[in-house]
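Reading through the structure tokens given below for one structure.
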Amino acid sequence: MNDKFLKPYNPAETESRIYKLWEESGFFAPEAHPSVASAKADNPENLPIAESSKLKAKSFSMVMPPPNVTGVLHMGHALMLTLEDIMVRFARMQGKKTLWVPGTDHAAIATQAVVEKEIYKKEGKNRHDLGREEFLKRVETFAAQSHKTITSQIRVMGASCDWSREAFTLDEKRTEAVRSMFKMMYDDGLIYRGHRIVNWDPKGQTTISDDEIVYREEKTVFYYFTYGPFTIGTSRPETKFGDKYVVMHPDDTRYAEYTDGQKIELEWINGPITATVVKDTAIDMEFGSGVMTITPWHDTADFEIAERHKLDKEQIIDERGKLLPIAGEFAGLKIADAREKVVEKLRAKGLVVKEEPYTHNLATAERTGGTIEPQIKLQWFVDVNKPVKARGGKTLKELMREPVAGGKIKIIPEHFEKTYFHWIDNLRDWCISRQIWYGHRIPVWYKKHGIDTEQEHGTNTEMFVGIEPPQGDGWEQDPDTLDTWFSSGLWTFSTLGWPSSAETATAGKPGPESDLANFHPTDVLETGYEILFFWVARMILMSQYALGVIPFKTVYLHGTVRDAKGRKMSKSLGNGIDPIDIAQKFGADAARMTLIVGNTPGTDMRISEEKIRGYKHFANKLWNIARFILENTSSSPSHLLRGGIEGGEDDAIVHGDEKKLLDEQQNLLEEVTRDMEEYRFYLAAEKLYHYTWHTLADRILEESKTVLKNGTPEEKKRRMQFLLHTLDTLLKALHPFIPFVTEEIWGLMGNKELLMVQEWPVATNS
RNA sequence: GGGCGGUUAGCUCAGUUGGUAGAGCGUCUCGUUGACGUCGAGAAGGUCAGAGGUUCGAACCCUCUACCGCCCACCA
């Protein structure tokens, strides 16, 4: 027996050494990367398991949700890595050709916001002070540093991913993919440019998507003003300057005497105006006075009414949140200041009817906290309702909905499918342009042939959409960048060689030897439920559209990791538990076990250091079990003892007590295997934990003490065979969950091959 | 306003197709230092949120109610 067993298990001394061993073995890579002829990554056929397994031809693939290069990993990442690594190690031990592609996400707006904040804090400068080029340099430096930290942290957690295929959402290959996709969608008429009302974040100076909005409850005042013969209600007096349409429901008997299109002279904020009556069913007769004026430039609902009736739209507020000249004496004022002053003036004019307290939800930007000010802007959109010829005339919405509705994609837990459908059914066109600098610049170039009347590009501008910049002089690239989810939507196939591998193929089918052919669709997509819409839906959209296939067969959604009190872990609360810290203190195995046991999919979980400490003890318990077994079997030649279990000349073990114990063990393993195949890792882990501690250690080892002391030579031998066999088996079964300590023990037992590529102890169907 | 989830032992949570409730931690008692930087044996502790229904039988299925949480939403 190795002397190491005389001391308690020491994860800190063990884990990094073991990871290195794995990484250098080349077994993380299922086969040579098409573009990398690394000596370490070209030996899949040497996988001991691949030789013997009937499942040799099967593959298992998964892409890692790329962590944002905004800093460091948190517990949520640790959970993700653990779950995925369990699936991957399980598949590998089943003899499947297993690929797990790691990567990181440039996370456009999130990363830019972090760097901007940092620069402002240190130097008091904003990005415009630095200029685009210099600023991007800073972001890239930060991202590179962050990338380095993150990839080393992924290793700490024990993730057995294929580093030879690592990707970044903003690297060269992914850029090619993004541009190809943009062009493809543009050529299909799915991407268009238009004046639409968008969510403008005055603080971040950019457009954001509907999904990046968070609503905050705000107490304000609801005003009733006299507007000619009407009383109108509003919570936003400062936008009312341009209001020249007064809208009511066509069925409202109170206003039956007014007709659609009727002109009315009335006194308003800055003097007399002519208002036009509009009848529209969007009006809620019950709310306020049943009459409102509209501000199409700064309100989504108003914009839609204006579109329906072809009304004029005027901008009242500028991009910085200040009033424009249309506001007369109030021009240049900030919204908050203007509000009071406008009310004051109206009050002086005797036009204020009443004021009442009012609570509503204020839209704010998730990243910057700025109050969203809707604006009409020229933006790029993805049309989700336009039939796609190449896909049988189905719309993107339908392409997203169908595979989930038809069961081709299974979401775990199932109830999220409802949420998914609800989201899709309410989906509007996706605004993909962002006025930020960090990200994929929109692959569109403009050339002016004259002066346009508008500040933006108009009819005198030629436009070029392509993968490479156009030839010739005078072309200028669109200054905007793409929504980060546009590039992450391609992740399942942009990481597997699309579009270049697709080009070499015929009839739209990827070349036979490419990663795309071998590994796409991927098997599982594992991620947090909070990005079901952002990401999962977009991946389905992109893959269904571009390749005509689903991106993955199963979506496993995990919950949020919370602190012991159930609060979200956050920097501002300072209640975060650093997974790397934990791994150093208790071992990555302990952290993994804590994150898995009892953690059902889609449900939030709480963790605390005490919990993790408990699982550190588990690793040590296993360590001592091994020590006991090795100590008590070392007197006999181990090859003799091991031979017995498989039958052979000496099949003593299948008799007597050991037979019962073996059956019990086999039943447990079959149950665990079923749990693994059906994604109940929380149960599998718990059952193995329980068996190890309370069946093997507490019961079997205790009984064995007597047998080994007082039994006949035959009984002793049988018992030793059983114990060694059990240790072998249990190490294999526990390996996906606690890979480090099991690999370490396995090695100390004198095994030459790595545990990570041993065959799973139970035959499986999948 | 719409949708979804939760409510099970002091705490954190399981309970896979309905068969009179389980784990971890904690608490209490006893025992252990020749596998165990400790471990073991045992104990206490739950009318499974409430009400009604289906069933031979319900934590689990159906209806309603209460409370908590989350997501979505353009009521000016």
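Numbers at a glance
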quantity	calculated
Tensor-based shape of chain A (alpha-carbon gyration tensor, a/c under 1.5 rounded, otherwise prolate or oblate)	prolate
Mean separation of Cα contacts under 8 Å (6+ apart) over length of chain A, as relative contact order %	16
Selection from A:228, A:248, A:213, by position along the positive dipole direction of segment A:196-248 (Cβ)	A:228
Chain lengthening between residue A:331 and residue A:600 when straightened (0.36 nm per residue, less Cα-Cα)	91.2 nm
Highest-first arrangement of A:21-30, A:7-16, where packing means the average Cβ count within 10 Å	A:21-30, A:7-16
Dipole magnitude of chain A about its Cα centre (Cβ charges: Lys, Arg +1; Asp, Glu -1), debye to nearest 20	1040
Segment A:468-498 versus segment A:124-167: alpha-carbon centroid distance in Å	19
Listed peptides A:277-289, A:726-738 by packing density, highest first (mean Cβ within 10 Å)	A:726-738, A:277-289
Within segment A:266-378: Cβ-based charge dipole about Cα centre, in debye rounded to nearest 20 (Lys, Arg +1; Asp, Glu -1)	260
26 Å Cα-Cα threshold exceeded, pairs from A:410/A:571; A:659/A:705; A:585/A:705; A:183/A:447	A:410/A:571; A:585/A:705
Segment A:687-741 - percent of accessible surface contributed by carbon and sulfur, probe 1.4 Å	52
Burial ranking of peptide ranges A:199-205, A:144-150 (average Cβ count within 10 Å, highest at the top)	A:199-205, A:144-150
Computed [θ] at 222 nm, helices only, for chain A once each DSSP H run of length n ≥ 4 contributes -39500 (n - 2.57)	-11500 deg cm²/dmol
Surface/4 estimate of mean projected area, convex hull on alpha-carbon atoms of segment A:345-448, nm²	14.4
Total charge dipole magnitude, segment A:156-284, about the Cα centre, Cβ charges on Lys, Arg, Asp, Glu only, Debye to nearest 20	300
Range of Cα positions in segment A:126-191 per principal axis (Å), largest first	46, 37, 15
Surface/4 estimate of mean projected area, convex hull on alpha-carbon atoms of segment A:712-762, nm²	4.0
Residue (of A:274, A:737, A:696) at the positive-pole extreme of chain A, dipole from beta-carbon charges	A:696
Charge dipole (segment A:367-497, unit charges on Cβ, about Cα centre) - positive-most of A:416, A:470, A:371	A:416
Heavy-atom surface of chain A, accessible at 1.4 Å and reported per residue (Å²)	44
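The values are calculated or read from the model by the stated rules, or taken from the named source; none is laboratory data. Note that this is a predicted model, so its numbers are computed, not measured. Every residue, glycine as well, gets a Cβ built from its backbone with ideal geometry; the counts of neighbours run over all protein chains shown. Heavy atoms of the whole protein, side chains included, go into the accessibility calculation; ligands, DNA and RNA do not. Shrake-Rupley method; radii C 1.70, N 1.55, O 1.52, S 1.80 Å.
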